[in-house]
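Read the structure below first, then the notes.
The values are calculated or read from the model by the stated rules, or taken from the named source; none is laboratory data. Since the model is a prediction, treat every value here as computed from it, not as a measurement. Reconstructed Cβ throughout: ideal geometry from the backbone, glycine too, with neighbour counts over all protein chains shown.
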Amino acid sequence: MAKKTSDPSSTEIDMTPMIDMTFQLITFFMFVMNFSEAEQDDRIQLPMSQLAKPVDGPVEKPITLQLTNKGSVIYAGELIGLRDVSGYLEREKSVMIDAGKEPNTATVIVRADGAAKTGEVQDIIKICQEKGFEKFALRAKYDEGR
Amino acid sequence: MAHKKSQLSDKIDINMTPMIDVVFQLMSFFMCTLKIVAPEGDFDIRMPLGKSASAVVDDQQVPPIRVKLSAGPDGSLAGIAMNGNPIADFNELQRKVVSLVGKGRGPDSLADKTEVEMDCDYGLKYANVVRAITAISGTVQDGQIVELIKKIKFTPPKAGK
């Protein structure tokens, strides 16, 4: 055993730089990784705003409604019409009431495309209001500056 | 020199293989699960049904500022008006809001009590509304956000497209 380690002919690779690099990479990926389950969709081009700073913590029990520039709504990854939103919200509402929560405590996140019609955004808000939701969050992409 | 060499051979040989295995596993896990998320933020709006800003009568309430955004035929912004007075652009809108609410901030300040009611044309592109909300709700000075009016509401949508 002792002979083997002292054998000058055996080539020993110095692992230290490689391990250093690998740990650096791991730390980088760990920090960059995002565990939040933010609903994002490539079909939506959010409007930019300098004030849309990322929120510190995730919104509690949000309902995300995404409005495309064609006037249709993406709800839970599914493309639905503006008229169908009411039915889906009714279901959300009954789930909330079953869980002992009032709909007015939930936040509806509206991710509307920058080219969508404002009237359609307001229609969505109105449908939500009729179902008892009253907290809204209009989402925008953070614009880092001029 | 010879003394140093003998010391080296006395060193305990650690088997690195399992550690490197685990490290690579972790690295590939983090690499695969990496999702590049664009930073996004929210504008919070509280709008209960049947209570438009003008309907609430309260002694403490400051009369709401009405911002009208009108649209051209293609949905682009055709004009801005604040309490009926035409305004050239969003920078001027922001200056007017700043001059209205003053410099005071805090729970009981004018900026906290003032409400803005947005009246937008149906076909207006939504990006313009976000620009207006940005102008009304705050400014960025030296990288710091200075908040202006936080209470923003919409008038009920108008029918028709």
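For the range A:97-130, a residue qualifies if it is more than 9 Å from chain B (Cβ to nearest Cβ) and part of a loop (DSSP other than H, G, I, E, B), and the qualifying residues are A:A99, A:G100, A:K101, A:E102, A:A106.
So in the range B:123-150, with the set limited to residues that are of a type in the set (D, E, K, R) and surrounded by fewer than 17 Cβ atoms within 10 Å (Cβ to Cβ), which one is nearest to B:S70 (Cα to Cα)? Per the stated criteria, the residue is B:E147.
Quick check on the range B:30-46. Is at least one of its residues closer than 16 Å to B:V130 by Cβ, modelled with pLDDT under 80 and not in a strand (DSSP E or B)? Yes, the conditions are met somewhere in the range B:30-46. Scanning the range A:131-146 for residues that are within 7 Å of chain B (Cβ to nearest Cβ), in contact (Cβ under 8 Å) with a residue 40 or more places away in the chain and buried (at least 23 other Cβ atoms within 10 Å of the Cβ) yields a total of 2.
Residue count for the range A:97-122 satisfying the condition of being touching a strand residue (DSSP E or B) at 6+ places or on another chain (Cβ under 9 Å) and crowded, with 17+ Cβ neighbours inside 10 Å: 16. Restricting attention to the range B:1-29, the residues that are touching a Leu at 6+ places or on another chain (Cβ under 6 Å) and either at pLDDT below 85 or more than 25 Å from A:M15 (Cα to Cα) (or both) total 0.
Condition first: of a type in the set (S, T, Y), farther than 30 Å from A:L138 by Cα, over 43 Å from the mean Cα position of the chain (by Cα) and at pLDDT 75 or above. Can you find one or more residues in the range A:24-42 that meet it? No: the range A:24-42 contains no residue that is of a type in the set (S, T, Y), farther than 30 Å from A:L138 by Cα, over 43 Å from the mean Cα position of the chain (by Cα) and at pLDDT 75 or above. B:A71 satisfies every condition listed in (1) touching a helix residue (DSSP H, G or I) at 6+ places or on another chain (Cβ under 9 Å); (2) at the interface with chain A (Cβ under 10 Å from one of its Cβ atoms); (3) at positive phi except (3).
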